[in-house]
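This report refers to the structure that appears directly beneath it.
Since every read-out is calculated from the coordinates, none of them should be taken as a lab result. All figures in this text were calculated on a predicted structure; none of them were measured in a lab. Cβ coordinates were reconstructed from backbone atoms using ideal geometry, including for glycine residues, and neighbour counts include every protein chain displayed.
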Amino acid sequence: MPPGSTDHDVIIIGAGFAGLYMLHRLRGLGMSARVLEAGGGVGGTWYWNRYPGARCDVESLQYSYSFAEDLQREWTWTERYATQPEILRYLDHVADRFDLRRDIELHTRVTAASWEATGAWVVETEGGERLSARYLVTAVGCLSAANLPRLPGSFRGPTYHTGRWPAEGVDLAGRRVAVIGTGSSGIQSIPVIAESAEHVTVFQRTPNFSVPAHNGPLRPEDDQWFKTNHHKLRHQLRTSHSGLFTSPNPDSALAVTDEERVREFEARWERGGLAFLGAFSDLMMSEEANRTAADFVRGKIRATVRNPEVADRLLPGDHPLGSKRVCVDTGYYAAYNRPNVTLADLRTAPVRELTPGGVRTADREHPVDVIVYATGFDAMTGPLLAIDIRGKGGLSLREKWRAGPRSYLGLMSAGFPNLFTITGPGSPSVLSNMIVSIEQHVDWIAECLDRLDGRALDADPLAEDAWVEQVNEIAGLTLFPRANSWYMGANIPGKPRVFMPYVGGVGVYRDICAEVAANGYRGFLRD
Ligand code: N01
């Protein structure tokens, strides 16, 4: 393809953490890149998820870019877990600091992308724009296609999805609010909404495991420690299993006494956060080991919720702890001790219909003024398949992935040359600290594009088959596939049940990707 015959060298879809860094890296290589972003601002996930109580469940020091020392030195987080507004401020700061905005087109939703015989990607937008580039990089996020259940009936009041929360905010003070869903978004928002709402009715289909955040102001000594030691600490994160500091304990939960086990769980419960999962090495491998952690959390729920009948209904029991993303909360279980919070258990009384003034379940009508859908996302594949992507010979990605996503390393899918998917299915992505995984993918793609020097690259279908098999095999060794989780596509009616992320760990995965590149991009086909 002759240089200069496309509008840009690279088109990037999405201006969240991934898209912003991709643009910055490509600029550094002297490539021209255009970012197309559906939202009215940069930030991706953190632009859309503005629901009350939204904050990250990864500690802010770890949930930040590592690529620029100055950025790291000059930015100081205020809390141990950053709120959505603070993370959005950070991303706005990054966009300004690296002068990224001039190459970002906001309010521009990509609807289609096709690989042309000329060796270019042609991208179409909702507004009818057509742009071409030699390479296309998706930075669309893994949890950005909102899942809105189709409930029969109609409701006359306002409804909001947590992942599409209005930027101007919603005043829920004095209102009767229904919250449907008890995943991370529901569990974070319920205690905050309950503080001002007249009443909150929580519609729970599946009880979830949640551990306390124990959030608070970021201690200056922790900030200083991280800044002083950031080279070493970032290296540890990149080579770890999850890209998080979980202080993994190498012991089996079954090799210690009951007292020792409880002491370990208790210490981690007191510390707060996802490090709870690092309590023992086999929590995600052995059902028996997992049950010890699940029992511990169920004991905490019983000890927190005063009404034993409500506590019972909140006890998770249909999936191993961690096989659905563990939630990290502030005052979630205690919220059920408030007089203005009611739990509606959909397992015993499912939703029948929406009525003009509320939600009717099998046993009664719940009168509400507002409905909050905390019902999650069509995860990982949803945002990609929302775009009509056509590869070689018009091959449709929707068609190719009909039985589940197929990719080589989660980076490319065979038959779609020059299309790279940041944190795509088949990579660690959602099972890791997303920023660690994003930076690894962006760096790998940037180096690859630099070395390609305009040539085309595609995944070898044989390498892809082997990778898909490996992803499934490793998942099969764990308890992850035992849950009806969004990792499995189980939350979306009709979606194929496939465990989508790579569970082998970010450190191992990084080495595999580096080794593939060092061996002349083994498993990829070049022009
Ligand atoms: O979505 P979810 P989420 N009727 O899919 C229920 C990240 N995140 O937005 O389990 C009734 O987890 C559904 O029930 P069930 C994080 O990775 C992070 O909360 O399918 N209920 C479930 O209870 C997280 O895992 C942060 O039976 C219905 C809930 O809705 C991911 O995003 C914050 C229903 C959906 O839970 C997704 O979390 C927020 C229906 N028709 C999100 N359909 C932090 O960093 C669905 N549900 C803290």
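Worth a mention:
- Label-point separation, K232 to R156 (7 Å along Cα→Cβ), nm: 6.6
- Theoretical gain in end-to-end length, R526 to R306 [0.36 nm per residue, Cα-Cα removed]: 72.8 nm
- Note on the range 285-360: Cα-Cα pairs beyond 18 Å make up 52% of the total pair count.
- Annotation: extensible slack from S132 through L106 equals 7.6 nm (criterion: 0.36 nm per residue apart, minus Cα-Cα distance).
- Prolate/oblate/rounded call for the range 1-80, Cα gyration tensor, a/c under 1.5 rounded: oblate
- Rounded to 5, the percent of DSSP beta bridges in the chain classed as antiparallel: 40
- For the range 402-527: rounded, prolate or oblate by the Cα gyration tensor [a/c cutoff 1.5]: prolate
- Cα pair distances exceeding 20 angstrom across the range 126-210, given as percent: 50
- Taking other residues whose beta carbon is less than 12 angstrom from the beta carbon of P461, and scoring Lys, Arg as +1 and Asp, Glu as -1, yields -1.
- Volume per residue for the range 235-315 equals 101 cubic angstrom (convex hull of Cα atoms).
- Sites A255 and S196 - FRET efficiency at Förster radius 56 Å, r taken between beta-carbons, to 0.05: 0.70
- Ranked by how many other Cβ atoms sit within 10 Å of their own Cβ, fewest first, the residues Y333, Y21 fall in the order Y333, Y21.
- Förster-model FRET efficiency, 30 Å R0, E221 and D99, C-beta, rounded to 0.05: 0.35
- Binned Cα-Cα distance frequencies in the range 389-447 - 10 Å width, integer %: 24, 49, 25, 3
- Taken one residue at a time, the phi angles of the range 73-83 give Karplus couplings (6.51, -1.76, 1.60, θ = phi - 60°) of 5, 8, 9, 10, 6, 8, 10, 4, 10, 6, 6 Hz. Gly and Pro are set to x.
- Descending Cα extents along the principal axes, the chain, whole Å: 71, 56, 45
- Of the trypsin sites (Lys or Arg not before Pro) found in the range 92-194, those in coil by DSSP whose Cβ has at most 13 other Cβ atoms within 10 Å are R150, R156.
- Global form of the range 207-346, assessed from the alpha-carbon gyration tensor, a/c cut-off 1.5: oblate
- Put a dot 7 Å past the Cα of I474, heading toward its Cβ, do the same for N519, and the two dots end up 1.5 nm apart.
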